[in-house]
C-alpha cells in the first residue's frame with residue numbers, strides 16, 4: 001500500500017520535465033481549457049476536481065504500464081472520467097444522483113472534446129463508477145481506472161480529515177519536489 005501512496009503523492013508533483021512519458025499521453029488533454037476548468041469544482045473534501053483527475057490519471061498510467069495494458073486507453077479514459085461542468089455538491093436537483101449519472105455526462109463531454117475517442121476509452125469513462133453503476137469495467141484498463149478512482153477518492157477524503165497523514169503527505173511532496181525520493 002505504501003507504493004500506491006507514493007504514486008498518489010507523485011501525482012501532485014507532476015511536470016513535463018520530470019515525467020515526459022506521462023505527458024506524452026496526457027499532456028495535450030491535460031492542458032485543454034476544458035480539463036483545466038475542473039480546478040474550479042470541489043471534488044472530495046478539500047481536493048478540487050483537477051487534482052483528483054490528475055491523481056487518477058497518473059495512477060492509471062503507472063498501473064497500466066506495470067501490468068502491460070494499453071497505456072494510452074487507460075490514461076485518456078482516466079483524464080476524461082470526471083469531465084462534468086458542475087459542482088455536484090450544490091443542492092440543485094439536476095445534480096442528483098451524481099454518482100449514477102455523471103459517467104454519461106463525462107462520456108458526452110469527452111466525445112465533444114476528443115472526436116477521436118475510441119469505444120474502449122468511452123467504456124472506461126462510462127463504467128468507472130462500478131459497483132455503484134450496474135455495468136462493471138469491460139477491460140483491464142477500465143478496472144485500473146475504476147480502482148484508481150476509488151483509491152484516490154479515499155485518500156483525498158482521508159487527507160482532508162487526518163492531520164498526521166496530511167503532514168506525512170506534505171513531507172513526501174517536499175522530498176519528491178526536491179528530487180530526494182523519485
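Throughout, read-outs are computed from the coordinates displayed, never taken from laboratory work. Nothing here was measured: the structure is a model prediction, and the numbers come from that model. Ideal geometry is used to build each Cβ from the backbone, glycine not excepted, and the neighbour counts take in all protein chains shown.
Given points 7 Å out from each Cα along the Cα-Cβ axis, report the residue 66 to residue 157 separation in nanometres with one decimal.
2.3
For the residues 50, 63, what sequence is obtained by ranking on other C-beta atoms within 10 Å, fewest first? Show your work: numbers first, answer last.
Values: 50 18, 63 23.
Listed from fewest to most nearby Cβ atoms, that is 50, 63.
Compute the distance in nm between two label points, each set 7 Å from the Cα along the Cα-to-Cβ direction, one at residue 39 and one at residue 134.
Result for the modelled spin labels: 4.0 nm.
Roughly what would the spin-label model give for residue 6 and residue 108, points 7 Å off Cα along C-beta, in nm?
Roughly 4.3 nm, to one decimal.
When 123, 111, 39 are ordered from fewest to most other Cβ atoms inside 10 Å of their Cβ, what list results? Don't jump to the answer; show the numbers that get you there.
Details: 123 19, 111 15, 39 11.
So the ranking, lowest neighbour count to highest, is 39, 111, 123.
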